[in-house]
1. When only residues in the range 364-409 that are more than 15 Å from residue 327 (Cα to Cα) and hydroxyl-bearing (Ser, Thr, Tyr) count, which is most open to solvent (accessible area, probe 1.4 Å)?
2. Checking residue 311 against (1) open to solvent by 30 Å² or more (accessible area, probe 1.4 Å); (2) touching a residue at least 40 places away in the same chain (Cβ under 8 Å), which test does it fail?
3. Among the numbered criteria (1) buried (at least 18 other Cβ atoms within 10 Å of the Cβ); (2) within 16 Å of the ligand (Cβ to nearest atom), which single criterion is violated by residue 229?
4. Could you name every one of the helices (runs of 4 or more DSSP H) located completely within the range 80-179 that has at least 2 residues being within 16 Å of the ligand (Cβ to nearest atom)?
5. Please work out which one of (1) farther than 18 Å from residue 174 by Cα; (2) at pLDDT 95 or above is the condition residue 322 fails and give its number.
6. Residue 109 - would you say it is open to solvent by less than 10 Å² (accessible area, probe 1.4 Å), closer than 17 Å to residue 163 by Cβ and out of contact with any strand residue (DSSP E or B) (no Cβ under 8 Å at 6 or more places or on another chain)?
Amino acid sequence: MTAELDTDFVRAQFPAFSEPALAGQAFFENAGGSYASGFVIDRLTRFYRERKVQPYGPYAAAQLAGAEMDEARRRLAAILGVETDELSFGPSTTQNTYVLAQAFRQWMAPGDAIVVTDQDHEANTGPWRRLAGEGVEIREWKIDPRTGHLDPAGLAALLDDRVRLVCFPHCSNVVAEINPVAEITRMAHDAGAVVCVDGVSYAPHGLPDVGALGADIYLFSAYKTYGPHQGLMVIRRALGETLPNQAHFFNADTLYKRFTPAGPDHAQVAACAGIADYIDALYDHHFDAPAEPAARGRAVHDLMRAHEARLLQPLLDRLADRNDLRLLGPRQAAGRAPTVALALDMPGEMAAERLAAQGIMAGGGDFYAVRALAAQGVDPDHGVLRLSFVHYTSADEIARLIAALDDLL
Ligand SMILES: Cc1ncc(COP(=O)(O)O)c(C=O)c1O
C-alpha cells in the first residue's frame, strides 16, 4: 500500500508547532538542526526527573536508565539494518570522525592513500586530510564546478591498491544531490578499500537501511534527525574489530565503546529511543501490516521522501526560472534532499536576516562546506542563502516561503 504522509498527524508529534513562542514563523533551517519530536522531549525530561543517576547500578533508577540507553541503541540499530553493537553514540559527528581518524592513523602505513571529496562538510574531510602529515597520501575526488555533481567515474580514476579508505557524503549540505552510496561502496570494496559515509544531511529525510547500503561506516547527527545533540555512528563489525581501539583498554572488547572515548551523555543517548518511537508511530499511523524494524524504517523513509519531493519540486521550478540567482545542485526533486542553497548578489547572511523579518527562519553563510562552495566558484565569505526543510513542513509554509522570496529578490 502506498500511503500519503498525514502532515497533521506528523506536526502533532512536534511540540514546536503548537509553541506560542514560535507561532507565525516558518522554519527553513532544518539542515542546521531539526525540531525535536515530542517522544524525544518526553524521554529526556523523564530521564532528568526520574533516572538521572549513574546507569546500570543495582537500584531501580539506575537499572531503568541503563535499560533505556540500551533500548535506544537496540531499536535504532534494528531500523538501520545493523547489529545492536555496531551502533554507537558520540558527542557529535565531527567528534566521531576525529576519533575515527586517529584509529585510521594508527592502522594505515606510510604510502597508503585515502580518497576525500570537495563536496563534504568539513567534518568528513578535514580530519582525514590532516593524516597527510603522517605520510598518508590524500587523493581528492572533485565535484563538477558547474553542477556540484560527484561523478563515480572520477572515483574510479583514483582507486588503486594503495587506497584503504574512501570518505564521501550521502548528500552534501549545500549541493544536496543524493550520491549512490551502494554503487560507490561497491567500487571501493572492489578496490580493497572501506568507506566512511557522512549521512548527516541525508538521515533527516528518512533513516537509511545501512545494512543494505553496505557502508562500513555511516554517520549522522541526532539533533538534525528529530532528536537530542548526539552523533550516531555505525561501524560494521569487521572493520570495528580491526581498527585499533580508541577507548579505555578494558573496553576494547565492547564494539560500541571502541571509538567513543568520551563518557556517554546518558540522558541524550536514552532520549534517542524517542526517534525510534517516532518512526514506529509514523509507521503504525500509515500502515497496517506488521513489519520488522528495518522494513518499518524503509516504509517511513519512502513516505517522508515522497512528501518532501512533492513540496520541493514547485520551489525548485520557481527558483530555476530566475536569472538573478544561482541554484546549487540538481533541479529535480527526486534526486536531491530539500536543502536548497542559493548564491545571490547579496551575502547569504543578509538574505537570511531579511527573511527573518518576514517570519521565515532560514540560514546564510558557508555552513562549514567551504570547500564545496569554493569548488563551485562561490566565495564562502559571501556565502549562500540556504532553505532547508523536512517532511513535517507543510504546503502552506512552502507557499509562504515562495512569497517571501519573491519579495526579497
Ligand atoms: C553534512 C554534515 N556533516 C557533518 C556535520 C557535523 O555534524 P556535527 O554538528 O554533529 O558535528 C554537519 C553539521 O552541520 C553537516 O551538515
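1. 368
2. Failed condition: (1).
3. Status for residue 229: all satisfied but (1).
4. On the way: elements: 93-107, 126-129, 152-156.
It comes to 93-107, 126-129.
5. For residue 322, the exception is condition (2).
6. On the way: open to solvent by less than 10 Å² (accessible area, probe 1.4 Å): no; closer than 17 Å to residue 163 by Cβ: yes; out of contact with any strand residue (DSSP E or B) (no Cβ under 8 Å at 6 or more places or on another chain): yes.
For residue 109, the condition - open to solvent by less than 10 Å² (accessible area, probe 1.4 Å), closer than 17 Å to residue 163 by Cβ and out of contact with any strand residue (DSSP E or B) (no Cβ under 8 Å at 6 or more places or on another chain) - is not met.
Listed here are the residues, each with its yes/no results for (1) open to solvent by less than 20 Å² (accessible area, probe 1.4 Å); (2) polar (S, T, N, Q).
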| position | (1), (2) |
| --- | --- |
| 24 | no, no |
| 27 | no, no |
| 49 | no, no |
| 62 | yes, no |
| 69 | yes, no |
| 72 | yes, no |
| 113 | yes, no |
| 119 | yes, yes |
| 131 | yes, no |
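A quick yes/no check of all residues on (1) without any contact (Cβ under 8 Å) to a residue 40 or more places away in the chain; (2) surrounded by fewer than 21 Cβ atoms within 10 Å (Cβ to Cβ); (3) within 16 Å of the ligand (Cβ to nearest atom); (4) over 21 Å from the mean Cα position of the chain (by Cα):
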| residue | (1), (2), (3), (4) |
| --- | --- |
| 205 | no, no, yes, no |
| 209 | no, yes, no, no |
| 219 | no, no, yes, no |
| 234 | no, no, yes, no |
| 237 | no, yes, no, yes |
| 248 | yes, yes, no, yes |
| 269 | no, no, yes, no |
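The values are calculated or read from the model by the stated rules, or taken from the named source; none is laboratory data. Worth saying up front: this structure is predicted, and the values here are computed from it rather than measured. For neighbour counting, all protein chains shown are included, and Cβ atoms are generated from backbone atoms with ideal geometry for every residue, glycine included. Accessible surface is based on the protein model in full, side chains and every heavy atom, while ligands, DNA and RNA are left aside. Shrake-Rupley method; radii C 1.70, N 1.55, O 1.52, S 1.80 Å.
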